[in-house]
Amino acid sequence: MAKVTVKIPTPLRSFAGGAGELPVEGDTVGALVHRVAELHPGLKRHLFTPEGRLRNFVTLYLNDKDVRYLDRDKTPVKDGDVVAIVPAIAGGARSSAPSRAAGPTGPGVPASSASLSTDDLLRYSRHILLPEVGLAGQKRLREAKVLIVGAGGLGSPTSMYLAAAGVGEIGLVDFDAVDLSNLQRQVLYTTPDVGRPKLTVAKERLEALNPGVRVVAHEERLSSENAFDVLRPYHVIVDGTDNFPTRYLVNDASVLLGKPNVYGSVYRFEGQVSVFDAKRGPCYRCLYPEPPPPDLVPSCAEAGVLGVLPGLVGMLQATETVKLLLGVGEPLIGRLVLYDALTLTFRELHLQKNPECVICSPTATQKTLIDYPAFCGVPTPGATPSGPKVPEITPEALEAELGSGEPPLLLDVREPEEWALGHLPGAQLIPKGELLEHVDELTRAREVVLYCRSGSRSGQSARQLLTLGFTNVKSLKGGINAWSDAIDPTIPKY
Ligand SMILES: [Zn+2]
């Protein structure tokens, strides 16, 4: 049998004893992955369906080739090969001819004859000195319109560098206010901005950086209803989102409108970057036809992210955007760059267009936008999730119960790092992903109250317990953050 290295991605490492790679022996890719699941049974439900099929949001690469375009799980391996498990994160051969530059006009940016002012000649002098940019390129940037979806960790560096570069119109989509926990990575904002609408601050900051840039604020949630109208005026779309429903929405709307989508995503210490341009290469759905179930992949708010990571990933997105607009170099079309900050390594995987892609192939069946929260299995705001209804308890009522003669069993379903930030007195820590393993230790006779950061994970965990026959289960409404607001402000919110 061949001796092969299997690379385990960060989200799954806790199920593999913390290992980033495992030496495994086997003859085929399928045998290796089954062997990995045997060695670490906790990985099994993440990799395989209950019927034993490999889950289709898990992509396997043999060296740098997607095994879907080799012999799938029967693809043979030899000594020294590297098999990488590449899951979708709140994320083949280079197409036979090498990717061509966009050409002199870029993605539909009109050429401009109007000259640059004396100030602009000075402001952009280091660009104009580059033969690949020159006066013509700088004027093209001035005519360009770029939409950045998400004014957060990725949108901050992207928008600042695009404004500095002289991209004439920058659209931003976001509806949040600046939160203190944003400042560790969202460098658009400063401490006095906390509480102000992000787009108000971003517009001021970007226009101060470069008054020649027009910043258009789309202060709304991007949805299937408004996506075409919001995206249509722009030449390039930058995906700086942090959730799967918006990511699939941005992809599908970009494909249907024929616009390039500059993709970036971050998770803990790892980033992904690519350019999806369905006219010239694969789209996000070619890589990940379906999203992972919502409870398998935690968000950055739950899992954490190294503050400088989105800085680097966002700058790679800005680089690709400028190249697309100028039509220079070799765009990241058909290639996925994986960046690991802990080892400071970049790996490049070759992506292929999926001949059966539902949105971008010649046989595409999806011709319009769909219900993305439903597609991703997350409840639409206001909709009732499936399964038993979970009773909630307010912080005030919980405080009263804890002081009574029969206090409930208090379960904290967050991660140990969150527990270390602060927790409720008398609580027991069982992270959500480990709840099922510990379910036998819980007595069904006593009332169980679960809590997390904001009430979402505890609601899902409470529903699991109700499904398993527990009857007296509640979830703390608003989580520990609500407890901090209502009962004990010494417990830090985050
Ligand atoms: Zn596709």
Counting only residues that are at pLDDT below 90 and among the polar types (S, T, N, Q), which one in segment 1-33 is farthest from the chain's Cα centre (by Cα)? 14
May I ask you to list pairs of residues, at least six apart or on different chains, whose Cβ atoms are under 8 Å apart, with the first in segment 53-65 being outside any strand (DSSP E or B) and the second being polar (S, T, N, Q) and surrounded by fewer than 18 Cβ atoms within 10 Å (Cβ to Cβ)? 55/49
Of the residues in segment 163-183, those that are over 20 Å from residue 494 (Cβ atoms) and assigned to a strand (DSSP E or B) come to 169, 170, 171, 172, 173
Any residue at all in segment 6-21 that's out of contact with any Pro (no Cβ under 7 Å at 6 or more places or on another chain), acidic (Asp, Glu) and crowded, with 16+ Cβ neighbours inside 10 Å? no
Could you tell me which numbered condition residue 36 fails, if it satisfies all but one of (1) at pLDDT 90 or above; (2) crowded, with 19+ Cβ neighbours inside 10 Å; (3) more than 20 Å from residue 433 (Cα to Cα)? (3)
From the set of residues in segment 274-288 that are closer than 15 Å to residue 257 by Cβ and among the hydrophobic types (A, V, I, L, M, F, W, C), which is farthest from the ligand (Cβ to nearest atom)? 276
Of these, 363, 345, which one is away from the ligand (no atom under 16 Å from the Cβ), over 27 Å from residue 453 (Cα atoms) and among the polar types (S, T, N, Q)? 345
Residue 256 - would you say it is more than 16 Å from the ligand (Cβ to nearest atom) and hydrophobic (A, V, I, L, M, F, W, C)? no
Residues within segment 192-236 that are among the small types (Gly, Ala, Ser) and crowded, with 20+ Cβ neighbours inside 10 Å, tallied: 2
Kindly list, by first and then second residue, each pair from a residue in segment 5-32 that is within 22 Å of residue 265 (Cα to Cα) and in a strand (DSSP E or B) to a residue that is modelled with pLDDT under 90 and not β-branched (Val, Ile, Thr), limited to pairs with Cβ atoms under 8 Å and residues at least 6 apart or on different chains. 7/20
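Is it true that residue 130 is outside the structural domain of residue 233 (by TED's automatic domain parsing) and not in a loop (DSSP other than H, G, I, E, B)? Quick ask: steps written out before the conclusion?
Working: outside the structural domain of residue 233 (by TED's automatic domain parsing): yes; not in a loop (DSSP other than H, G, I, E, B): no.
In short, no.
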Confirm whether residue 368 is within 16 Å of the ligand (Cβ to nearest atom), hydroxyl-bearing (Ser, Thr, Tyr) and either farther than 30 Å from residue 110 by Cβ or exposed (fewer than 14 other Cβ atoms within 10 Å of the Cβ) (or both). yes
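The values are calculated or read from the model by the stated rules, or taken from the named source; none is laboratory data. Bear in mind that the values here come from a model prediction, so they are computed numbers and not experimental data. Please note: Cβ atoms are built from the backbone with ideal geometry, for glycine as well, and neighbour counts cover all protein chains shown.
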